[in-house]
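The structure appears right after this line, and notes come after that.
The values are calculated or read from the model by the stated rules, or taken from the named source; none is laboratory data. Because the structure is predicted, anything quoted here is derived from the model rather than measured. Because the Cβ atoms are built from the backbone with ideal geometry, glycine has one as well, and the counts that use them run over all protein chains shown. The area values use the complete protein model at the heavy-atom level, side chains included, leaving out ligands, DNA and RNA. Shrake-Rupley method; radii C 1.70, N 1.55, O 1.52, S 1.80 Å.
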Amino acid sequence: MKFPPLVTLVGALSLVAAADLPAQALSLPNGAKADPVPVISAANILARTRHLSSDEFEGRAPGTSGEDKTVAYLVAEFQKLGLQPGNPDGTYLQNATLVGITSTPTLSFVRDGVTIPMTVINDFVGPSSRLVPRVEARDTEVVFVGYGIVAPEFGWDDYKGVDVRGKTVVMLINDPPVLDPATGQLDPKVFGGRAMTYYGRWTYKYEIAAAKGAAACLIVHETGPAAYPFGVVVGSWGRENFEISALDLNAGNVGLQAWLTLEATQRLFSSCGQDFAAAKTAAARRDFQPLSLGARGSFVVENELRNVASRNVIALLPGSDPHLRDEYVIYTAHWDHLGRDPRLPGDQIFNGAADNASGVALLLELARAFTELPAGQKPKRSILFLSVTAEEKGLLGSRYYAENPLYPLNRTLANLNIDGANQFGPTSDMAAIGFGASTIDDIGIAVAAGQGRKMLPEPNPERGFYYRSDHFEFAKVGVPSYYPKNGRTYIGQPADFADKHVADYIANRYHKVTDEVQPDWTFEGAAQDAVFLLQVGWRIANGDTWPEWKPGNEFKAKRDAMLKK
Ligand SMILES: [Zn+2]
């Protein structure tokens, strides 16, 4: 995950009890008497996490010797478990051809002959995802387009017919905070109320700007709406970035995709005689009109490019039922992390123990448990274990698989994603990111109830976690995908246990060289979640109905179209 993976829960949340579930979610598949209860070893998960996050793997960056060691380890472990090569070509590998881009951007504005300088890192940061050595645009008109959204379902169009081709558009992050006049609260019927929709994601902002033909897209960074400080943006964008290699060299992308700091934005607006705060307020209204700032923007981006053949690693457990084994359930966990930063004094390796060595360790333990299910409980459909590359670089490994599937997507029932495992003890609750998106949620609630756990809706939907890990790339192509997380009520621990550990992780270790195995990690909680994940996948693999997106879900139309083929 490109941004903090842990769940932070606040306030009273409506618990969803198994009692409110449709019968088939409660019932076990095909008259099975009980879910299989595998023996999961927390010690195995700890040992694998310690190994994968050791300095030996150099922080597991794509296109490095750290990748070679990680991929070799994963293939060897899958072989040891007796799993079959997951690529029909007889290998455990899917080459994902990426391009590494190190961008050096310059940006400036001029108004009435007066230059408004912008300094990279201090005022803005951002690459060009065009796969060419140099991109530039001079003297482009600068237009503030509010949230930059076109959402017909909400009667929303921030462009109002204004042609922004060849211009520099300035946009706000997240969704417009549209209030319900009756309650004065965020209107849940418009942009999901508190929950962030895909329109709020930075990826959508660059995509719509490109679709509108803009020369550059500058997103205004505000820590609250972005859900992470500017330092995280610098950490991600201020170094080598990756794109999936493309024949058209991403010519359709905007020339510069960047973030502007709030201060730089306010300086730009005031230099143009405009008040950013007033413009932002206006942007939250349906009748917002794009605002030309009367300034001209110019940028040049020098791109250092390198081709990188990175790899997804995939293993197969064939289904036991000859009629169902060509239908698939896919578990994912990304193996990559941030690698080594030679500019750092002292410790230079981003070990990524929580993110996501722990998730890969859980995936391997899950795979072992599946291979050891007794004869009568083998999954009828086939199970794929896919450890993807380049998640930290924008979900590229999972996008590569979703765009180049090794097995037909219209025979793929579900994706279950693991990003960050519970390092501590068991919990009495769980939370599903993107709760309510599909019928997998119902199965999850029933399985959690079987473990004596309550399922809680996503605690911070406004942070858009659903769009930030690998399941999203499966969702985008229509495959029902599920991203459950451990809850926060740790059995036998004080009520603030989770809060304290989450705050400590985000402040001291998230995407830092200090994300290393901690002395108090037991992974008992991860073992509990591994049982949950196995049982959910098993029910899908043995079920007589396929999981579906729920009515009104943004991915349902794609799935319905796909299944009609
Ligand atoms: Zn991650």
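Key figures
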| item | result |
| --- | --- |
| Extension gain from residue 203 to residue 157, taking 0.36 nm per residue of separation minus the Cα-Cα distance | 14.8 nm |
| Accessible-area order (highest first, 1.4 angstrom probe) of the listed residues 442, 139 | 139, 442 |
| Within the accessible area of the range 466-565 (1.4 Å probe), percent carbon and sulfur | 56 |
| Gyration tensor (alpha-carbon) shape descriptor, the range 312-389, a/c threshold 1.5 | prolate |
| Approximate shape of the range 99-305 as ellipsoid semi-axes (Cα gyration tensor, √5λ), whole Å, largest first | 27, 20, 16 |
| Tail beyond 20 Å, pair distance distribution of the range 195-272 (Cα, percent) | 40 |
| Diffusion constant of the range 351-407 at 37 °C, which comes from Stokes-Einstein with the Kirkwood Cα-pair radius and 0.692 mPa s, µm²/s | 247 |
| Per residue, the convex hull volume that the Cα atoms of the range 246-319 enclose (Å³) | 261 |
| Set of lysines near residue 380 by C-alpha distance (under 30 Å), chain-local residues within fewer than 8 positions excluded | 33, 80, 454, 476, 485, 550, 556, 558, 564, 565 |
| Solvent exposure of the range 99-305 as accessible area per residue, Å², 1.4 Å probe | 40 |
| Rounded to the nearest 20 debye, dipole of the chain from Cβ charges on Lys, Arg, Asp, Glu | 700 |
| Accessible-area order (highest first, 1.4 angstrom probe) of the listed residues 280, 512 | 512, 280 |
| Globularity index of the range 474-517, i.e. its alpha-carbon radius of gyration over 2.2 N^0.38 Å | 1.64 |
| Of all DSSP beta bridges in the chain, antiparallel share, percent nearest 5 | 65 |
| Whole-angstrom Cα spans of the chain along principal axes, big to small | 78, 56, 53 |
| Top positive-direction residue, dipole computed over the range 180-323 with Cβ charges, set 303, 192, 256 | 192 |
| Degrees, to the nearest 10: 65-80 long Cα axis against longest axis of the chain | 20 |
| Sulfur and carbon atoms: percent of accessible area, the range 99-305 [1.4 Å] | 56 |
| Computed E for residue 51/residue 138 - FRET, C-beta separation, R0 51 angstrom, nearest 0.05 | 0.45 |
| For the range 404-516, projected area of the alpha-carbon convex hull averaged over all directions, nm² | 8.6 |
| The chain: angle of helix 497-508 to the longest principal axis, Cα-based, in degrees nearest 10 | 50 |
| Degrees between helix 524-542 axis and first principal axis of the chain (Cα, 0 to 90, nearest 10) | 80 |
| Lysines with Cα under 23 Å of residue 160, excluding same-chain neighbours fewer than 8 positions away | 189, 205, 212, 280 |
